[in-house]
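One structure is given below, encoded as structure tokens.
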Amino acid sequence: MSGMHGTETTAGPVEGPVPPEETSATGEAGSNPEAMAAVVRAVEAALPPDSVVSDHIRLRTYECDGLAHYRVTPALVVLPETTEQLAAVVRACSEHGVPFVARGSGTGLSGGALPRADGVLVVTSRMRTIHEVRPEDQRAVVDPGVINLDVTHAASPRGYYYAPDPSSQQICSIGGNLAENSGGAHCLKYGFTTNHVLGAEFVTPQGDVVQLGGMAPDSPGYDLLGAVVGSEGTLGIATRTIVKLTRLPQEVRTVLAGFASTDDAGAATSAIIGAGIVPAAIEMMDALAIEAAEAATKCDYPAGAGAVLVIELDGAAVEVEHEFAEVERICQEHHAFATRVATDPAERALIWKGRKSAFAAVGRISPDYIVQDGVIPRTALPGVLRSIAELSESSGVRVANVFHAGDGNLHPLVLFDDAVEGAAEAAEEVSGAILDLCISHGGSITGEHGVGIDKAAYMPKMFSDEDLDTMQLVRCAFDPDGVANPGKVFPTPRLCGEVPGRKKGAPHPLVAAGKAEAF
Amino acid sequence: MTAVGLDLGAARTALSAACGEVADGTPADAVDGVTPALVARPGSTPEVAEVLRAAAAHRLALVPRGRGTKLTWGRPPERADLVVDLSRMDAVFDHAAGDLIVETQAGTTLAEVQRTVAGAGQRLALDETVPGGSIGGTLATNASGPGRVAFGTARDLLIGVTVVRADGVVAKAGGRVVKNVAGYDLGKLVIGSFGTLAVVTEAVFRLHPLPAARSVVAAPFERPEEAQRLVQAVLQAQVVPSAVEVSWRPGGTGTVSVLLEGIEAGVEGRTATTRQLLGDASSAAAELPEGWAAHPWAGLPGRPTALKATFALSGLARVLEAARAAAADAGLDLDLRGSAGAGVLYGALATGAEPAAVARVVERLRAECTAVGGALVVLDAAPEVAAAVDAWGPVPALDLVRRVKERFDPERRLAPGRFVGGL
Ligand SMILES: Cc1cc2nc3c(=O)[nH]c(=O)nc-3n(C[C@@H](O)[C@@H](O)[C@H](O)COP(=O)(O)OP(=O)(O)OC[C@H]3O[C@@H](n4cnc5c(N)ncnc54)[C@H](O)[C@@H]3O)c2cc1C
Ligand SMILES: Cc1cc2nc3c(=O)[nH]c(=O)nc-3n(C[C@H](O)[C@H](O)[C@H](O)COP(=O)(O)OP(=O)(O)OC[C@H]3O[C@@H](n4cnc5c(N)ncnc54)[C@H](O)[C@@H]3O)c2cc1C
């Protein structure tokens, strides 16, 4: 992640860490030293001493995730080694109304694992056992802290891999992937985390341990696992997780094609999909991103290209051969001026090197940058890219584009120099305008990085109050007291209230004071 | 069956104001034996919202109906004052071929969606297990067929959903793009919820290209271990099957069928490889056999018992063997078929089987499925059989399931009693 920490900032209109008064209106009482002291006692009784961190210097090492712009020092950090220990921590939090935040590897890019000053950070980095690799069942059973790529390493000697491959796969955790519903370059063909997580042992916000999903599909009852995946730690903490393993393909072929413009590259992308081909991946980089990658990694991308596409085909050999010929033809038709083909792992790695290091590489051509994560319908690509270019021109803010072209997931990198007065604000403005552009094209504010704290304020642009209220019904079902990662995902604090027909009490003081709305 | 104290006259007036088409319920509208007092046929999402608001105001219990092909699945509702029929909502709003997505109303039949998208060489990769089912019904019952091995189920294909809650509030989740992690994925909760959480009114799906060629390689087997060996041979190879089906009537000869799809040259090569894997007795055909996606009870007279067994893939032989032994001991004929390559088998027991005997089969098969990581659900059964069996078996995280239901439908007016745990 070199080049990201400290250099990156955010597009969100929220400035700095959210003040505690604001985040406390999510149903719990707010900072309460006595409650925290009680939690510390309970945690110390349940966990070995070296699993509990309360020393201020050490606490500070957990103050941010991959979105380093927001920093909050947690009141307490715990590093449980077992589900039982983790559940004991959560139970203590629940009993005393203390918020908790789960953290895997802390690579999240939306501030999802940003701690609470009045809360406990539950870190899964000591839960890294791969319990089972079962090719005969096409499943692996892993702890939440297990690193994404390690699952593939464990499975590949037996002919399998774990398909979702975020660029951060060497460091991010399966639990973090689950919580973010992470994607990756190869999700175009194989789907996202939600399509590959089939079961999880799950610690509810009350500290109960339940099983969601399982080894077999379609388990009876509502698909709670489906709701938990992508919920960014706001419904509870996943522990031992059952993931699907995918059979390694017979053949893989990677093509690098250079184009004069992003228009041509975008049209080629649409034509490939239109031809009925579903490549494993289609990634695009524009001139500025290519320049950065070239400077950083000497990846030997075609000189003078206005855009490159990295297209990967995989599957049965004959099909790959056929699709490859088609892809070459389509690229040529769209005026590709240089194509390079990798057939062995080393060549493939070289082509991917430029793409995978693009974020970090941009750090070399700009001291600071914002990573956006908007999604648009694939066919809108050329138009939206032109609009981004116009935005960049009119504002004087440089934007490098690196993205998953196949599924329309843009990662515009908005460049600026924080040392220049007003530069950060100008960049944030451009970044926000790009999100608006995505929304106006019927797209999404986030394709894979999540809402976290960073984009919560944008949720109402995409969803109505009713939509958000309905999502919060799920939240209230799982976490009526609002202790699981409060302040993330949703822009407006809501109180859950009692279920009608169940026990009734006096209205919550915040409702009575008109500060929050119960439903 | 209508709860006492309801003013149906007033309810009817309110419903008529909400949507033009309101009629008295007839026995033909019965939901698993429960005849509703009223049937409303709204024509749009706003009309559904009006209908549900009127139903809320008059405390009507209601059951959503798509095309009424699967209304007996699940348990009979405790009450059904109103059936909300979505068959007028049969438009395919938008097929964005370049984006490989389709946006449709919930009352549209799956077949109609397929017809629309096929024009552009595309398909919604969900099998039509029984002719005539609607999109809403397919989602609510989580219906799936052989193609799930390659494409998954509704949960893997649904990218956006519009629902109307019990209180008449309209809510959307997801969107029109294939990649999207903003907000909770409410679509997942609705899939398989049997109309107990909300009424689905619109859905957006991702599509796949139609294959240029296909072939089905089939091989016979006699014993469960043989079936497992064949299925595993295909799964562990690199032939990229679209479906791996097993059908078996214990005691007789069963069949393992493998569907291969792609370009002609590719399918040809993989067919040859698959035939080698399945052995000399295997054969290949270019067309899907009749009733390819049908459940084993399709075409059986009366009200057969419909079972769904799930298991970890390597548990196939154990499940087949347990099914054989259980049916033999109970003296019943059991017909099995399903996506062995995905860990799913459906079972049919003929109409008229003695309830206690069915219950013994269910219990024994459930024990085995559970032991290999799965479950056994009784999808459908005659009332006397349904009364003798536990339809759902143990439900994981039932307390959370209940809490979700309570938040969405606190008054228990959406298909009360139909779902797990009597929800
Ligand atoms: C004995 C029997 C045998 C059957 N055999 C088969 C078979 O072999 N294969 C098979 O796949 N199917 C079978 N079916 C049913 C089937 O035809 C479905 O394939 C179809 O998808 C259901 O769609 P539908 O529109 O008819 O749903 P309906 O039957 O109208 O409804 C099914 C369920 O979904 C709910 N529902 C419907 N629409 C909505 C909505 N918009 N929002 C919320 N909830 C909704 C209903 O309340 C109900 O619980 C069988 C049914 C029975 C009773
Ligand atoms: C260089 C770089 C490249 C990246 N590339 C991609 C990419 O290609 N695709 C992509 O999708 N993302 C990408 N990311 C983002 C990030 O890596 C993913 O979101 C990843 O899944 C986060 O995993 P983590 O273990 O670091 O989680 P964290 O950052 O620790 O946590 C993320 C969220 O998950 C919650 N959480 C963590 N563990 C659990 C658990 N066990 N149960 C419940 N909730 C939990 C946290 O509370 C938080 O809300 C990238 C990040 C970086 C720095």
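The values are calculated or read from the model by the stated rules, or taken from the named source; none is laboratory data. Not measured: the values here are computed from a predicted model. Cβ atoms come from the backbone with ideal geometry, glycine included; neighbour counts cover every protein chain shown. Calculation scope for accessible area: heavy atoms of the full protein, side chains included, ligands and nucleic acids excluded. Shrake-Rupley method; radii C 1.70, N 1.55, O 1.52, S 1.80 Å.
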message = Counting heavy atoms of the protein chains only and a 1.4 Å probe, report the per residue accessible area for the stretch B:133-248 as a whole number of Å².
response = 23
query = What net charge do the residues around A:Ala287 carry, taking every other residue with its C-beta under 13 Å from that of A:Ala287, with Lys and Arg at +1 and Asp and Glu at -1?
reply = -4
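Please work out the ratio of the alpha-carbon Rg of the protein assembly as shown to 2.2 N^0.38 Å and round it to two decimals.
Relative to the rule-of-thumb radius for its length, the protein assembly as shown sits at 0.92.
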message = Using the crude model of +1 on Lys and Arg Cβ and -1 on Asp and Glu Cβ, and no other charge, please compute the dipole size for the protein assembly as shown relative to its Cα centre, in debye to 20.
response = 1780
task = Quote the Stokes-Einstein diffusion coefficient, in whole µm² s⁻¹, for the stretch A:130-247, based on the Kirkwood radius over alpha carbon pairs, a temperature of 10 °C and a viscosity of 1.306 mPa s.
result = 114
inquiry  = Under 10 Å, Cα contacts only: if you run a Gaussian network model on chain B, which one of B:Arg53, B:Arg402, B:Arg67 comes out with the highest mean-square fluctuation?
reply    = B:Arg402
query = According to the square roots a ≥ b ≥ c of the eigenvalues of the Cα gyration tensor, what is the shape class of chain A, taking rounded for a/c under 1.5, prolate for a/b larger than b/c otherwise, and oblate for the remainder?
reply = prolate
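For chain B, what value does the Rg/Rh ratio take when both radii are computed over Cα atoms and Rh is the Kirkwood radius, given to two decimals?
0.98
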Range in chain A, longest, excluding exposed GluC sites (Glu not before Pro) [loop by DSSP; at most 11 other beta-carbon atoms within 10 Å] = A:16-420
request  = Quick one: which residues, 5 or more positions from A:Val483 or on another chain, have an amide H under 5 Å from its amide H? H modelled 1.01 Å from N in the peptide plane, none for Pro or chain starts.
outcome  = none
request  = Take the alpha-carbon positions of the stretch A:208-322, form their convex hull, and give its projected area averaged over all directions (one quarter of the hull surface) in nm².
outcome  = 11.5
ask   = What is the ratio of the Cα radius of gyration of the stretch A:369-454 to 2.2 N^0.38 Å, where N is its residue count, to two decimals?
value = 1.03
request  = Count the net charge of all other residues whose Cβ sits under 10 Å from the Cβ of A:Ala275, scoring Lys and Arg as +1 and Asp and Glu as -1.
outcome  = -1
message = When a/c reaches 1.5 or more, the comparison of a/b and b/c decides; with that in mind, is the stretch A:60-143 rounded, prolate or oblate per its Cα gyration tensor?
response = oblate
inquiry  = Which residues belonging to the stretch B:80-106 lose at least 30 Å² of 1.4 Å-probe accessible area when the assembly is complete, relative to their chain isolated?
reply    = B:Gly98, B:Asp99, B:Leu100
inquiry  = Using just the Cα positions, wrap the stretch B:92-209 in a convex hull and report its mean projected area in square nanometres, one decimal place.
reply    = 6.8
message = Test of understanding: in a Gaussian network model of chain B with alpha carbons linked when under 10 Å, which of B:Asp335, B:Asp94, B:Asp85 would top the mean-square fluctuation ranking?
response = B:Asp94
remark   = With a 19 Å threshold on alpha-carbon distance, the violating pairs from A:Lys461/B:Lys172; A:Lys189/B:Lys179; A:Lys189/A:Lys298 are A:Lys189/A:Lys298
query = Which of B:Val401, B:Val246, B:Val234 moves the most in a Gaussian network model of chain B with Cα springs under 10 Å?
reply = B:Val401
Unpaired by the 4.7 Å Cβ criterion, cysteines found in chain A = A:Cys64, A:Cys93, A:Cys172, A:Cys187, A:Cys299, A:Cys331, A:Cys438
note = So, relative contact order of chain B in percent, Cα under 8 Å, 6 or more apart, is 15
task = Note the buried accessible area between A and B here, summed over both chains, with a 1.4 Å probe, in Å² to the nearest 100.
result = 6500
query = If you plug each phi of the stretch A:97-114 into the Karplus form 6.51 cos²θ - 1.76 cosθ + 1.60 with θ = phi - 60°, what whole-Hz ³J(HN,Hα) values come out, in order, with x for Gly and Pro?
reply = x, 9, x, 10, 10, 7, 9, x, 9, x, 9, x, 10, 10, x, x, 9, 4
task = In whole Hz, with x marking every Gly and Pro, tabulate ³J(HN,Hα) for the stretch A:55-65 from phi via Karplus 6.51 cos²θ - 1.76 cosθ + 1.60, θ = phi - 60°.
result = 6, 4, 5, 5, 4, 5, 5, 9, 6, 8, 9
inquiry  = How large a share of the accessible area of the protein assembly as shown, in percent, is made up of carbon and sulfur atoms when the probe is 1.4 Å and the other protein chains stay in place?
reply    = 52
request  = Enumerate the calculated ³J(HN,Hα) couplings along the stretch B:400-417 in order (Karplus 6.51 cos²θ - 1.76 cosθ + 1.60, θ = phi - 60°), each rounded to whole Hz, writing x wherever the residue is Gly or Pro.
outcome  = 5, 4, 4, 5, 5, 4, 4, 6, 7, 9, x, 8, 6, 10, 9, 6, x, x
Principal axis dimensions, largest first and in whole angstrom, of the stretch B:303-423 by Cα = 45, 33, 19
key: Local net charge near B:Gly107, Cβ-Cβ under 15 Å (Lys/Arg +1, Asp/Glu -1)   = -2
